[in-house]
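Just below is one structure, and these are the notes that go with it.
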Amino acid sequence: MSNKPDAFLRCEGCKKVLFSKEFVKNLRVCPNCGHHYRLSADERIEITFDEGSFVELDADMKSEDPLQFPEYAEKLARGFASTGRNDSVVRGMAKLGGFPVSAAVADFRFMGGSMGSVAGEKITRTLETAIDERIPAVIFTATGGARMQEGLLSLMQMAKTSAACRKAYDAGVPYICVFTDPTMAGVLASYASLADVILAEPKALVGFAGARVAAQASGGQKLPDNFQTSEFAYEHGMIDAVVQRKDVRATLINLVTHFTGGKHG
């Protein structure tokens, strides 16, 4: 049985058949309808930062199972098997257009990009490194929210990461967050929404509660067709810009250049 990837695929958005090579070349965005497929952390790093500049930090950090939550250990093992990493957030030092940045990228393949103790610690360290080095922080979100298997230890990360955002603000260190599909719940309600500049990829799912809960909370009123999308968030002032994937790197370089006054570290 051949392990070669299929030459064609059907777009999840418009259902049209695409050439796999052209799809990958187009950064995993459908050239017909613009549907943005999710990227792994490694794919995101490759297309965003200067070639070869990303140096991973804290790769050995692993989540524990303090509550002995049923099947949590198995889910952590599956997350490692699917990503080759120990948790949902990858952090490190990188460069954008030659400018050094402290960066973190979430990988949805690892337990839905959920934020547990390790992910929260990595986000906090990303911001603290930015403060220590006096360089911008750049964080990509891709998450369903806080990780229920760690209970209050997970929810505590909301306060911890928010405090780190405040420290960065007080220190005058710029923080840029990029929402990708999805950016939900506890992450949206903490560090993701506290950035100096918030960007989002087109039609990313952005919200606190799921669609069913949101519909119930509306009291039966019909919700807008674009509700809980990056476009809806932009229209209501929650984010600063919706940016096509092909333009994210250039937009980040422009922002970092502006924030640093054009001076390399």
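We did not get these values from a lab; they are worked out from the coordinates using the rules stated. For clarity, every value in this text was computed on a predicted model and none was experimentally measured. All Cβ positions, glycine included, derive from the backbone under ideal geometry; neighbour counts span all protein chains shown.
Of all DSSP bridge pairs formed entirely within the stretch 38-260, close to 40 percent run antiparallel. Sequence-distant contacts, meaning Cα pairs under 8 Å at least 6 residues apart, place the relative contact order of the chain at 15 percent.
Among the listed pairs Lys62/Lys167; Lys95/Lys122; Lys62/Lys160, a Cα-Cα separation exceeding 20 Å is found for Lys62/Lys167. Of the peptides 13-22, 94-103, the order by per-residue mean of other Cβ atoms within 10 Å, starting with the highest, comes out as 94-103, 13-22.
Of Thr48, Thr141, Thr83, the residue with the greatest mean-square motion in the GNM of the chain, using alpha carbon springs below 10 Å, is Thr83.
With n ≥ 4 as the cut-off for DSSP H runs, can you work out [θ] at 222 nm for the chain, using -39500 (n - 2.57) per run divided by the number of residues, rounded to the nearest 500?
-11000 deg cm²/dmol
Label zone of Leu67 (point 7 Å out along Cα→Cβ, amide N under 16 Å): in the stretch 145-164 this covers 145-159.
State whether the chain is rounded, prolate or oblate according to the following rule on the C-alpha gyration tensor (a ≥ b ≥ c being the square roots of its eigenvalues): a/c under 1.5 gives rounded; otherwise a/b larger than b/c gives prolate, and the remaining case gives oblate. Rounded. Simple point charges give the picture: +1 on the Cβ of Lys and Arg, -1 on the Cβ of Asp and Glu, and for the stretch 38-260 a dipole about the Cα centre of about 340 debye. Considering only Ala142, Ala159, Ala200, the mean-square fluctuation computed in a Gaussian network model of the chain, springs between alpha carbons under 10 angstrom, is largest for Ala159. Using a ≥ b ≥ c from the Cα gyration tensor of the stretch 1-134 (square roots of the eigenvalues), is it rounded, prolate or oblate, where a/c under 1.5 gives rounded and otherwise the larger of a/b and b/c decides, a/b for prolate? Note, shape of the stretch 1-134 comes out oblate. Per-residue 3J(HN,Hα) values for the stretch 124-130, derived from phi via the Karplus relation 6.51 cos²θ - 1.76 cosθ + 1.60 with θ = phi - 60°, read 4, 5, 4, 6, 5, 5, 4 Hz in sequence order (x marks Gly and Pro).
In order along the stretch 243-258, the phi-based Karplus estimate (6.51 cos²θ - 1.76 cosθ + 1.60, θ = phi - 60°) of 3J(HN,Hα) comes to 10, 4, 3, 5, 9, 5, 4, 4, 5, 5, 4, 4, 5, 5, 4, 5 Hz; Gly and Pro are listed as x.
Remark on Lys203: its backbone amide H falls under 5 Å from those of Ser230, Glu231, a criterion applied only to residues 5 or more positions apart or on other chains, H modelled at 1.01 Å from N. Among Leu188, Leu67, Leu252, the order by Cβ neighbours within 10 angstrom, fewest to most, reads Leu67, Leu188, Leu252.
Computed from backbone phi with θ = phi - 60° and the Karplus coefficients 6.51, -1.76 and 1.60, the 3J(HN,Hα) list for the stretch 85-92 is 10, 8, 7, 7, 10, 10, 10, x Hz; x is used for glycine and proline.
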